[in-house]
Amino acid sequence: MYLPPKDRLDRLYKEAETHQLDKSLKREQPPKTIWGIRGYPALFTSYSISVIGQWFDSIALMVLFAYIWQSSPIYLGLIPVALALPHVLFSQFVTNLLKRFHKIRLMAFADCLTACFTIGLFFSPTPWLALILLSLRSTANVVHYPIQQSLVRELIPEHLRLKAVSWNGLVSQGAKIIVPFLGGLFLTVLAPQTLLLLNAAAFLISAAILFSIQQLVPSTNTTKTYAKTSFYEQWKSGWLALFSYPLLLSLFSLSLIGIFCIQFVDSQFPILFREISTDPQSLTIVISAIGFGAVTIMSILNRLKKLTHLLFWISLSLVLIALSFIGFSQIQAHHSAYFLLVLGFICGVGTGLSITTINYAIQTIPRDEEVASIASISQSLTSLVVIVAPPTGAILTQVVGVQTMFALSGIVLIICLSLPVLVKVKQKRLSTKKKRIHYDSSSL
């Protein structure tokens with residue numbers, strides 16, 4: 001049908017407006033999967049490569065210190081201190097860096113420094129120099145966890161955050177299962193120092209990926225805003241933010257108790273299996289079962305859109321860990337491998353559930369600008385537990401025995417979990433009693 005020129009022009013304008021509106025609606029439509037989010041696949045790839053490299057690195061360090069350098073137990077005991085102490089000291093100051101520098105660029109520079117210090121470890125002739133380089137490398141690596149949590153909050157919409165958290169956990173726990181096996185194969189044909197170079201290469205690749213996507217994340221131009229704010233004020237504001245969320249504070253407290261009890265006995269697993277005279281392969285069976293349990297629960301959580309009743313899930317995770325510890329305390333030489341598999345799987349499910357719950361809480365409870373501060377505090381406190389708990393557990397194991405130590409850890413966990421419940425029940429009874437007294441007095 002023929003239309004006059006003016007009508008045809010109006011029709012073209014309307015079609016153009018409709019087309020533009022349709023394009024804008026498509027842009028505004030939230031992504032259905034995390035892999036459709038611009039920049040996230042590259043970030044995830046960078047994280048995965050660095051995690052795998054770190055596990056190769058840990059195998060190399062164990063072989064170097066224990067077999068190549070024939071180091072004393074003191075040097076071996078200082079390795080976790082060298083790795084964790086920088087996180088205790090510097091984690092809570094990362095927020096100040098995030099508010100002054102580009103997040104992706106900062107993480108990429110940290111990866112480059114990590115690679116340089118790892119290459120230094122390759123040429124290190126003595127264990128004491130290696131410990132110094134480990135401390136410097138750990139200092140450079142402090143920024144990773146807070147930035148990662150901050151970027152997940154910034155890039156991932158709320159309905160996909162549980163998937164992002166569980167995917168990160170799956171990579172970490174999956175690497176625990178696969179990489180030690182691959183590392184053992186590599187050690188049959190390569191020198192242990194070569195695994196250090198694999199880690200250095202992994203971090204350089206990670207840095208290259210991060211540099212390639214730095215334009216996808218806008219820079220936070222807050223230098224002028226925070227120029228007059230002291231480090232102490234920023235540190236204090238982070239703790240005030242944590243205490244302003246009672247649920248998050250409760251989750252942190254329970255999580256730290258769980259981590260402390262786990263670290264209490266984690267290094268005593270070889271002693272446990274040595275004393276009950278079981279097959280040495282039983283230890284590897286348990287470690288694999290723990291990793292498989294963690295991967296299983298994280299895979300299940302990855303299918304959910306949201307996690308509610310976080311206190312219930314963190315409590316359930318600690319109950320599972322406590323029951324597995326009590327079970328390990330009852331192991332005898334005649335017990336089958338299936339019993340060990342079940343205990344390890346239960347422990348792994350509890351561990352995976354705990355990790356996912358606390359990371360999801362960090363992502364969902366605080367405000368956007370508080371995520372990095374809360375994550376920094378979490379990293380600092382967790383690292384402090386890693387330093388304090390193992391030597392304390394070793395001393396107590398010498399006194400009471402390894403199986404008793406496992407049982408005590410499980411019992412302490414259950415007692416700590418029951419205390420909040422008892423307090424809540426008591427508060428409810430007091431509240432009911434006050435209401436009854438108020439009702440009786442008003443009726444008079």
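What order do you get for V399, V371 when you list them from fewest to most C-beta neighbours inside 10 Å? Please report the intermediate quantities before stating the final value.
Details: V399 8, V371 24.
Neighbour counts put them in this order, fewest first: V399, V371.
For D111, D266, what's the fewest-to-most ordering of other Cβ within 10 Å of each Cβ?
The fewest-first ordering by Cβ neighbours comes to D266, D111.
Sorted by average packing, counted as other Cβ atoms within 10 angstrom per residue and highest first, what order do 333-340, 140-147 take? Mind showing how you got there, number by number?
On the way: 333-340: 12.5, 140-147: 22.4.
Packing proxy ranking, top to bottom: 140-147, 333-340.
Convex hull over the Cα atoms of the range 273-327, averaged projected area in nm²? Please list the in-between numbers first.
Values: hull surface 18.1 nm².
Projected over every direction and averaged, the Cα hull of the range 273-327 covers 4.5 nm².
State which entries of K176/K236; K103/K163; K32/K176 exceed 28 angstrom in Cα-Cα distance in the structure shown. Don't skip to the end; give the middle numbers.
On the way: K176/K236 36 Å; K103/K163 22 Å; K32/K176 30 Å.
Beyond 28 Å: K176/K236; K32/K176.
Which three extents, in angstrom, do the Cα atoms of the range 51-115 have along their principal axes, listed largest first?
44, 23, 15
Just the Cα atoms of the range 37-215: what Rg and Dmax do they give in Å?
Here Rg and the maximum Cα pair distance are 16.6, 51 Å.
Throughout, read-outs are computed from the coordinates displayed, never taken from laboratory work. Keep in mind that this is a model prediction, so the values were computed, not measured. Cβ coordinates were reconstructed from backbone atoms using ideal geometry, including for glycine residues, and neighbour counts include every protein chain displayed.
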